[in-house]
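Taken together, the values in this text are just the output of simple stated rules run on the coordinates, not laboratory data. Bear in mind that the values here come from a model prediction, so they are computed numbers and not experimental data. Neighbour counts are summed over all protein chains in view; Cβ atoms, including those assigned to glycine, are modelled from backbone coordinates with ideal geometry.
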Amino acid sequence: AVCGDIVPIERISGVSKQQKYDLEHAAIIKIRDEYLKNTDVGQEMYDLWMEYEGQQTSEAKLIKDLDKLDMIIQAEEYEKLPQNDGIKLAEFFKGTRGVFQTGIGQNVDSELMRQREQRLQSQQQT
């Protein structure tokens, strides 16, 4: 990855939203101009990234929701690993409250939160 996967929660990553945008924007320009050498596919990738960042289309909103869902699914899986000794990653889940823009994103989030709460309650009882 040109800039890596930056956690979108500033108090965790130490990277502000503007810094995150600037790093990712520089990365997509580098991909377009250096790796893909100003090809049509490079320009298409750049245009799609700008559409995603603009959040004006239903497709861009869905992809943003899927990106957030991926983050909390990863956090959930990490919490469940026995070798992580019961680590709690609540900040990742708090960071996505109220941000889902699509019905599917909201529904999947609700189900994941229900399952997580059930898992946490079950752990407390043992």
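Using a cut-off of 11 Å between beta-carbons, work out the net charge of the residues near Tyr52 (Lys and Arg +1, Asp and Glu -1, Tyr52 not included). Local charge sum for Tyr52: -4.
Please compute the Kirkwood hydrodynamic radius over segment 5-114, one decimal place, Å, based on all pairs of different Cα atoms. Evaluated on segment 5-114, it is 15.7 Å. The count of lysine pairs in segment 9-88 whose Cα atoms are under 21 Å apart, excluding pairs fewer than 8 places apart on the same chain, comes to 11.
At most 15 other C-beta atoms within 10 Å and a DSSP loop state: those are the exposed trypsin sites (Lys or Arg not before Pro) I care about. Give me the longest piece of the chain that has none.
38-87
An oblate overall shape is assigned to segment 10-70, the ratio a/c of its alpha-carbon gyration tensor axes (a ≥ b ≥ c) being 1.5 or greater and a/b not exceeding b/c.
Sequence-distant contacts, meaning Cα pairs under 8 Å at least 6 residues apart, place the relative contact order of the chain at 16 percent.
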